[in-house]
Structures are given as structure tokens and as C-alpha cells.
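Since the structure comes first, as C-alpha cells, the remarks are kept for the end.
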2 protein chains.
Amino acid sequence: MEEKDLPRTELDELGEFGLIDQLTADFPLRNASSLKGVGDDAAVINHEGMRTLVSVDMLIEGIHFDLTYCPLKHLGYKAAVSNFSDIYAMNGTPTQIVVGLGVSNRFSVEALDELYAGIRLACERYNVDMVGGDTTSSKTGLVISITVIGMAKDEDIVYRSGAKKNDLLCVSGDLGGAYIGLLILEREKVEFLSNPNMQPQLKGLEYVLERQLKPEARKDIVEQLKTLGIKPTSMIDISDGLASEILHLCKESKVGCQLYEEKIPLDPSTDRLSKEFQIVPSSNLVGGCDGDWLHN
Amino acid sequence: MEEKDLPRTELDELGEFGLIDQLTADFPLRNASSLKGVGDDAAVINHEGMRTLVSVDMLIEGIHFDLTYCPLKHLGYKAAVSNFSDIYAMNGTPTQIVVGLGVSNRFSVEALDELYAGIRLACERYNVDMVGGDTTSSKTGLVISITVIGMAKDEDIVYRSGAKKNDLLCVSGDLGGAYIGLLILEREKVEFLSNPNMQPQLKGLEYVLERQLKPEARKDIVEQLKTLGIKPTSMIDISDGLASEILHLCKESKVGCQLYEEKIPLDPSTDRLSKEFQIVPSSNLVGGCDGDWLHN
């Protein structure tokens, strides 16, 4: 449902605690390790015999997302999933999240329900529990800060620092799609602002738009590696772009690397649209939350 | 050092990763449970045989703090300590934090160094490790989201829900000081804006200003309870005010309660200043991050 079609209940009508109760209802706990979720000063987790992994991402309106073209449900889904991706990139399993939310009265209760519907869907699909949070006022835009907790056996954890000379550098999916998706959305926004009756022409663009608006984390790869008995020497999540992440990995592992431009996987639509935007895909691999990661 | 006296290096001069390197340097890991701190996709924690506690707080400029009178170092200290307080309120020990930061180019590198100096001091005093974070741009104000991780033996954890009929309700410190401190700072701000040459008269106000600007968490109480072999039936952190927190505790424990107004501890200066501001202390116990908590 589009935000503009939603009924509008003001945040003040529910009050802080009423709002928290409404937003955090219907988040059943799925993991045995989630001993206590929402409703106390802290959540309680039991990762008996396992290591606990922790990562945080902050998304700020006007910087990381534009609500002109990013539906709130998609935003919630992406905010959660891009965090899960950091845990998969350690070869671990995300198990819990806590959600910090700063929100102005420009947003209605229904709008926040949509945001949480996206977070809920991500939690369902990836079997993650929402165990706490902080919901507060903001004077201007929307701020979402999600901290993800995961677990892994000590011997399974893969760091950025393990790459060795002669390791093979692989990427788990095609690159650049999310960035092209963003360029298209920005282009359509300009068109829409100059002519609000314009209907966007998005046929053939579904793949890159989905990479931008509703990325997935590579749970499947971590599961496949486990099934195959393969433990990579190092892994990293790509969110700032291929070049940036490879430099992190090389720095942490104290190795250099050689990339084969022609072997970098691009989706055919990414390739086609790159030409339309007159950009060289390999010099523009700034994935913007692709959910992809590299392993050696 | 006052922010206005600091040299000014623009954020752009360091770049995102240079800034992160600078801010996160000099945070030595103190806890054996901190296996991997800053520098990978997630931090790695070993709470072998213990439960892991997680809580998040978000602080937004213009809502939770006003940089006109809240020095950045104090802000960093308070942001960290008020989070630690949530873990103590579970009868646990805070061990790690991850810091999400949204910041506009209005802030210099030196200003953020001050903020982190406050976080660093809090970590030193409370023996907590800073193990990760996310530093990002903001279009307007400063946003700080700190997630704290703590640990406790399963049998030591105290929930909000354990209060029983005839339990004694206690508060671990005097109340209302932070709120009076805020009223004074707001009053001085108004005076300052009308006459920038005005020197604030703060003699005799030190206690309430410290409660507002540099609150402490009650590590000491948790340690004393342990030494004395006392486990409270329920506990809660006071940050939204006495009335609000007691209602949470009663609701979670399914009990009522009786308060004795004359027995609520007030510092003499809080009492005196309440009269000056013509407020009744007991109806204004909205502590604003007092760091106090209740136990039955």
C-alpha cells in the first residue's frame, strides 16, 4: 500500500509507550537463544557454547534513503537485511536485532506500521528475533539504527584478516545493480517533480530496482559453504563498493590482489543500463547495500 | 576545552575511513570476552557460560541534548553511561558498546574527538570495550545511537516482572536533580541569548548540573548487592521519571504499589531549587537520564 493511501493516526494519539506497544506487537521470538525480548531494560540472549557477533548500521533520511521513491516497508526490510548481511559476512547466523528509531511528527502511526511491517518480514524470512529498541522524537527526518546480534561457532568465524597469498578472490553475486537502480530512481524523481502526472516507465528495470529497494542477504551462500564443508580464508560484506571493500580486505590481511575486470559478474540489465547512463560498470561498483560479499 | 577554542579540521579532509580510524584509535580492549573489536563486519564476543544482555538508546540533537550548554565530551560520557545503566538495571555488567553516529559537516574532526573522549572516559571508568560502530553523514543535527552489550549469570538476572505483593520499593539515589539541572540550563540559555556577555551564575548549582550533564550509572549498587548476597525481586532503570517507571514495573509484575511521598529522597539543592522554580518535586520526577533505578 502506498503511504499516501494510508489512514493517518497522529503519533501523539498513541503516546510513546502506546506506539512502542503497537510497533513491537506481533514479533514472535523464533530463536531458543532469545530468552527475553522487548519489555525490560535489556534483552537477554543465551549463546551457550557459541560466539556472539554484533554489528550496527545507521540509516538517515536524505543520506541513505529518499522517501519519494523508497516505500517505508521496503526501507524497513532493507535496513534489517543489510544488517543481517554483516553477520553472514562473518560466516555466522543473525539471531536478534534491536531497533533504534528517531521519528518526527511528519510521520503517522500507519507510516511507522509500514516500516515495521518491512522489518517484520525480514525477521520472518531470515529467522531473526526483534528483541528491543528505542523509539524517540526527531526534529527533522527519519533515523533508523539497527544493531544485529548473531552467533557462530568459534572455529567457523571468518575474518577480513585471513586472506593469504595465492587465494582466489570471489564475489557471491553480480555487482553494480543497486547503484544503477539508484540512478534510475533519481532520474524518475527529477521527471516526476517536473511533471507530477508522469507515469514512470519501469519495464525491464525490475531487477536493478529490486537490488536497490529490496536487496537480500546471502544466507544461501553461508548455508551452501557449510553443506560443502568449505571455510573461506576471509570474507567481507560489500556495501561501500567493490573497490573500497577489497582495499579493506587487503589492508586487514596484509596482502595485495589482482582483479580481472572481465570476470566481474554483471547482470545483463546492469550492463545494458550502464551504457545508457554512459558509465563504465567496473569503475562504478558502488553497490549501496548490495548484500553481496567477497570471499577468498 | 570549549568547542569554540578547538582547532578546526573539516571531516572531508580525513574522509570516512580516516575519520573512523582516528575516532576509534586508543580504545584498548579490557574484557576477555571482547575477542574482536573494531575493524571487521561484526565484533566477536565470548560470554561463555553467561547470558548476553543487549540494550540501545538513541540521542538526537534538539530533542535529547542542546549543544549550546552540553559540551560534546559530557555528551559522549552521558550517552555511554546512560546505556550502561540499563545493564546494571538487569543486575548485569556492561562489557561492550557499539556506537552509531550521524554527523553533519557543521562538526569538525576536533569536535568529534571531544565526543569520543567522553565515550572513552566512560569506557575506562566502567571497564567497557568499544567494539564497533557506524559513522555516517547527517543533513542536519547530530545523532548518537549506542548499543550496549552486557553479561550476567542466568540466576543473577533481575527482570522488571519479578515484584511480589508486600515487597519493599526502594530507589538507589536521590531524584529530580537532573530535571532541575535542565531547567537551570534552559534558563541560562535564554539569558545568554538576550545578552551574550552575561556570565552564568552557577554557584551552589554544581550538584544538579552534574546530574544533568554528567550522570553516573549505579555500578556501585550492583557490586554492593553482590557483596551482600542480596538479589532484588525486580529492578528498573529510571530515565523517563519515577511515575512512568513505577507503572512499567507494576504492569510487568502485575502488582500495585504504594509510594510514600515524604520518603522519596531529594538532594537539598534539588529541594531548594524546586521551590525557586515553583514546582512540586514529587510531581516533577522526570529524571532525564538520572542513572537511577528502582528495586523491590
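Observations, loosely collected:
- No other residue among B:Leu35, B:Leu23, B:Leu53 is modelled with pLDDT under 85 and either open to solvent by less than 80 Å² (accessible area, probe 1.4 Å) or acidic (Asp, Glu) (or both) apart from B:Leu23.
- Among the candidates B:Gly173, B:Gly141, residue that is farther than 28 Å from B:Gln278 by Cβ, touching a strand residue (DSSP E or B) at 6+ places or on another chain (Cβ under 7 Å), of a type outside the set (Phe, Trp, Tyr) and open to solvent by less than 40 Å² (accessible area, probe 1.4 Å): B:Gly141
- Among all residues of segment A:121-132, there is none that is touching a Leu at 6+ places or on another chain (Cβ under 7 Å) and open to solvent by 10 Å² or more (accessible area, probe 1.4 Å).
- Residue within segment A:63-70 that is open to solvent by 30 Å² or more (accessible area, probe 1.4 Å), touching a strand residue (DSSP E or B) at 6+ places or on another chain (Cβ under 7 Å) and within 30 Å of B:Ser234 (Cβ to Cβ) present: no
- Candidates B:Gly204, B:Gly118, B:Gly162, filtered to the one that is surrounded by fewer than 21 Cβ atoms within 10 Å (Cβ to Cβ), in contact (Cβ under 8 Å) with a residue 40 or more places away in the chain and closer than 24 Å to B:Ile221 by Cβ: B:Gly162
- Residue check, A:Asp12 open to solvent by 10 Å² or more (accessible area, probe 1.4 Å), away from chain B (no Cβ under 11 Å), among the acidic types (Asp, Glu) and within 30 Å of B:Lys153 (Cα to Cα): no
- Among the residues of segment A:17-69, those identified as within 12 Å of chain B (Cβ to nearest Cβ), assigned to a loop (DSSP other than H, G, I, E, B) and either within 30 Å of A:Val190 (Cβ to Cβ) or in contact with a Cys (Cβ under 9 Å, 6 or more places away or on another chain) (or both) are A:Gly62, A:Ile63, A:His64, A:Asp66.
- Positions within segment A:207-229 being of a type outside the set (D, E, K, R), within 26 Å of A:Ala152 (Cα to Cα) and surrounded by 10 or more Cβ atoms within 10 Å (Cβ to Cβ), in sequence order: A:Pro215, A:Ala217, A:Ile221, A:Val222, A:Gln224, A:Leu225
- Segment B:185-227 - residue that is of a type in the set (Val, Ile, Thr) and either modelled with pLDDT of 90 or more or touching a Ser or Thr at 6+ places or on another chain (Cβ under 8 Å) (or both) and, of those, farthest from B:Asn91 (Cα to Cα): B:Val208
- Among the residues of segment B:130-161, those identified as under 17 Å from B:Glu48 (Cβ atoms) and not hydrophobic (A, V, I, L, M, F, W, C) are B:Gly150, B:Lys153, B:Asp154, B:Glu155, B:Asp156.
The values are calculated or read from the model by the stated rules, or taken from the named source; none is laboratory data. Bear in mind the structure is a predicted one, so any value in this text is a computation, not a measurement. Virtual Cβ from ideal backbone geometry, glycine too; neighbours counted across all protein chains shown. The protein model used for the area step is the full one, side chains on, heavy atoms only, and it has no ligands, DNA or RNA in it. Shrake-Rupley method; radii C 1.70, N 1.55, O 1.52, S 1.80 Å.
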